[in-house]
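Trainee: Got a structure for you, written out below as structure tokens; questions coming shortly.
The values are calculated or read from the model by the stated rules, or taken from the named source; none is laboratory data. None of these values were measured; they are calculated from a predicted model. No Cβ is skipped: glycine too gets one built from the backbone with ideal geometry, and neighbour counts run over all protein chains shown. For the accessible areas, the whole protein counts, side chains as well, though only heavy atoms, and no ligand, DNA or RNA atoms are used. Shrake-Rupley method; radii C 1.70, N 1.55, O 1.52, S 1.80 Å.
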Amino acid sequence: MEERIKELRKTIGLTQDEFAKRIGLARSSVAKYEIGEREPNNAIILSICRIFNVNESWLRDGEGEMFKEDPMEEEAAFYVRQLLEEYEDNPFYDMIIDMMKTYYELDENSKEVIRNSVKRLQKNIRARKAKSSPAPEDT
């Protein structure tokens with residue numbers, strides 16, 4: 001398991017210290033897991049899987065893919081594939097690519113501001129829809 005913990009940490013681009021903080025441990029604990037000096041307990045394994053969306057079978061036994069499939073990611077991947085296949089004469093293609101690049105280049109505080117703004121926008125859209133839709137009829 002030690003190799004897989006190290007592989008996971010490197011795949012997600014975290015230092016031992018950053019990885020440890022995300023799962024509530026000291027850096028030395030992660031270092032000991034990675035060299036096989038200690039084995040993570042069940043709670044730590046489950047935390048790693050939950051926090052990083054890791055396939056538990058992969059982490060424990062090396063079986064399957066490293067990450068669990070996320071239904072939201074599957075939906076996003078579907079639309080991205082469609083967009084990439086239909087990029088010619090698609091006026092949204094360049095705009096969407098530029099938006100994603102710009103977001104990716106932002107610092108974490110700026111990303112948080114954008115995420116919060118989008119959440120408020122979604123809330124306002126839902127409220128407006130609820131206001132404008134007719135009330136259900138009594139039966």
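Trainee: At 1.4 Å probe radius, can you tell me the per residue accessible area of the chain in Å²?
Mentor: Accessible area per residue, the chain: 78 Å².
Trainee: Same structure again: Can you give the helix-only mean residue ellipticity at 222 nm for the chain, where every DSSP H stretch with n ≥ 4 adds -39500 (n - 2.57) and the sum goes over all residues, rounded to the nearest 500 deg cm²/dmol? Please list the in-between numbers first.
Mentor: Numbers: 8 runs with 99 residues, N = 139.
Mean residue ellipticity, 222 nm, calculated: -22500 deg cm²/dmol.
Trainee: Please compute the modelled spin-label separation between Phe78 and Ser110, points set 7 Å along Cα→Cβ, answer in nm with one decimal.
Mentor: For Ser110 paired with Phe78, the spin-label model returns 3.3 nm.
Trainee: Roll a 1.4 Å probe over the protein heavy atoms and report the accessible area of Arg115 in Å², nearest 10.
Mentor: Per-residue accessible area (Arg115): approximately 80 Å².
Trainee: Also, I was wondering about something else. Please identify the DSSP H helices in the chain that span no less than 30 Å along the helix axis (Cα) and have a mean Kyte-Doolittle hydropathy of -0.5 or more.
Mentor: Membrane-span-like by this rule: not one helix.
Trainee: Arrange the residues Lys68, Lys131, Lys123 by how much accessible surface each exposes, largest first, with a 1.4 angstrom probe.
Mentor: Ranking Lys68, Lys131, Lys123 by accessible area, largest first, yields Lys131, Lys123, Lys68.
Trainee: What number in nm² do you get for the chain if you take the convex hull of its Cα atoms and divide its surface by four?
Mentor: Over all viewing directions, the chain projects a mean Cα-hull area of 14.3 nm².
Trainee: May I pose another question? Would you please give the FRET efficiency between Leu121 and Asn90, computed as 1/(1 + (r/R0)^6) with r the Cβ-Cβ distance and R0 = 22 Å, to the nearest 0.05?
Mentor: 0.40
Trainee: Shifting gears a bit: For the chain, with all protein chains present and a 1.4 Å probe, just round the carbon and sulfur fraction of the accessible area to a whole percent.
Mentor: Working: 5620 of 10900 Å².
On the chain, the fraction of accessible area on carbon and sulfur atoms equals 52 percent.
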